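Okay, so here's the structure we're looking at.
Just so it is clear, none of the values below were taken in a lab; they were calculated from the coordinates. Quantities reported herein were computed from a predicted structural model and do not represent experimental measurements. All Cβ positions, glycine included, derive from the backbone under ideal geometry; neighbour counts span all protein chains shown.
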Amino acid sequence: MDEESRAVVLLSLAQGISPSIISELQHKCDSLAAVVAQPQRLSCEGLTPKTVLQLKGLSSQRKALEARTDELLQWCLDRQVHCLTTVDKDYPALLKEAAGAPPLLFVRGDTSVLSLPQLAMVGSRRASPQGLQTAELFGRALAASGFVVTSGLALGIDGAAHRGALQSGKTVAVLGTGIDVIYPRQHQSLYQTILDKGGAIVSEFVPGTAPLPPHFPRRNRLISGLSLGVLVVEAALKSGSLITARYALEQGREVFAIPGSIHNPLSKGVHQLLKQGATLVESAADIIEQLGGMLSYLAEESGIEVADAEGDEGLLLDALGFDLVDVDTLVGRTGLPAKDVTRMLMMLELDGKVVAINGCFQRLGSG
């Protein structure tokens, strides 16, 4: 780690030095390493009085902070945890542009995934069976179309979204705890599977941080900041998912919502978002259509291949018929690549035109 990145780590650990102060120093000072080395003799112009006051106490903390920084960086090295700062090239560019971007991220897994186009999925921890099924289907379809599905590893909709994405692509879990604290404990296996499948675990909190209530709004802000848009599946009127949606709007992100029954309390928050201008979503194709241009652009920049969002669904439906057929047979009948067939089947399943039974697919109705 170079001296500038190390200085960000040290400042992040300093008492009284907030992320906004670090951001101010980055914009107004030539070198953060110089700020850390001589906080009393700054060559920065236009610093706010609050920042100048906080920096006056940095000298007395410096020796202890140096030791804590060494200890933290060694901890990360020993446990294969990446320590990304806003001055590192691997820090997610989209997040870096967002207001309030954390100066320091702890990442387990493949850091390059954070620079791929992400779509956040959030919703109730006490989701209905239908909500869980919907989240898993959307997670699977969005991941198959090239999005990295990002969520908060919580019970309910978050977990279903992660599991769906793992069936066809990659997913990112953002924690409201330290990177080494798995919460809830029921998701220990899911945590590991995300890493095994090439995804990433992210936290802005130092290792060992417990799951305290104030941390989860910060986690939600990070989820939306990493993503091109946020999809809300189920949410009550008082829900952390609505906080994520609000952050998304503040950050200039798209907000999508799946409507539900007017009798379901978990639809109330979603319907409120729709009244406020969120995009109504009935299938993953609705999201892909709106964000497809950005998906293709970011994918090209990142060197990944993205499937055609529309696809030749008519050809596939003709080949499918009304009997159970497996994917290999459909590939042979259509001549389409297996990944395109799989993606289109997911879209058709979400549209209610196809049903999946024991790994095979069957056409429904006349659609």
Restricting to Cα pairs below 8 Å that are 6+ residues apart, what does the relative contact order work out to for the chain? Please round to a whole percent. 13 percent
At q = 0.20 Å⁻¹, what is the log10 ratio I(q)/I(0) for the range 111-288, with the Debye formula run over Cα points and no solvent? -1.39
Can you give me the long-range amide H partners of residue 361? Hydrogens built in the peptide plane at 1.01 Å from N, cutoff under 5 Å, separation of 5 or more residues or another chain. 325, 326
Run through all the Cα pairs of the chain and give the fraction in each 10 Å bin from 0, expressed as whole percent. 5, 23, 29, 22, 13, 5, 2, 0
In nm, spacing of pseudo-spin labels at residue 38 and residue 290 (7 Å Cα→C-beta vector): 5.3 nm
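Where Rh is the Kirkwood radius over the Cα pairs of the range 1-73, the temperature 10 °C and the viscosity 1.306 mPa s, what D in µm²/s does Stokes-Einstein return?
Answer from the Stokes-Einstein relation: 131 µm²/s.
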For the range 28-182, place one equal point scatterer on every Cα, skip the solvent, and apply the Debye formula. What is log10 of I(q)/I(0) at q = 0.13, 0.15, 0.19, 0.20 Å⁻¹? -0.76, -0.91, -1.18, -1.25
Just want to confirm a number: the relative contact order over the range 3-78, from Cα pairs under 8 angstrom separated by 6+ residues, in percent. 35 percent
How big is the dipole moment of the range 3-78 about its Cα centre under a simple scheme where the beta carbon of each Lys and Arg is +1, that of each Asp and Glu is -1, and everything else is neutral? Debye, nearest 20, please. 360 debye
Mean Cβ count within 10 Å, highest first, over the residues of peptides 4-14, 113-123: 113-123, 4-14
Reported to two decimal places, what Rg/Rh ratio describes the range 311-363 when computed on Cα atoms with Rh from the Kirkwood expression? 0.89
Highest to lowest packing among 47-53, 205-211, scored as the average C-beta count within 10 Å: 205-211, 47-53
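What is the ratio of the Cα radius of gyration of the range 137-197 to 2.2 N^0.38 Å, where N is its residue count, to two decimals?
1.02
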Using the Karplus curve 6.51 cos²θ - 1.76 cosθ + 1.60 with θ = phi - 60°, work out ³J(HN,Hα) for each residue of the range 178-189 in order, rounded to whole Hz, and write x for Gly and Pro. x, 4, 9, 10, 8, 9, x, 5, 4, 9, 4, 5
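Just from its helices, what would the mean residue ellipticity at 222 nm be for the chain, if runs of 4 or more DSSP H residues each count -39500 (n - 2.57) and the sum is divided by every residue, rounded to the nearest 500 deg cm²/dmol?
So the helix-based figure for the chain works out to -14500 deg cm²/dmol.
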Counting every C-alpha pair in the range 57-139, the percent lying more than 18 Å apart is 63 percent
FRET E, pair residue 62, residue 99, Förster distance 41 Å, beta-carbon r, rounded to 0.05: 0.90
Under the Karplus curve 6.51 cos²θ - 1.76 cosθ + 1.60, θ = phi - 60°, whole-Hz ³J(HN,Hα) for the range 313-330, x wherever Gly or Pro sits: 5, x, 4, 5, 5, 4, 6, 6, x, 10, 9, 5, 9, 8, 5, 4, 5, 5
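Express the relative contact order of the range 111-288 as a whole percentage, based on alpha carbon pairs under 8 Å and six or more residues apart in sequence.
Relative contact order for the range 111-288 comes out at 21 percent.
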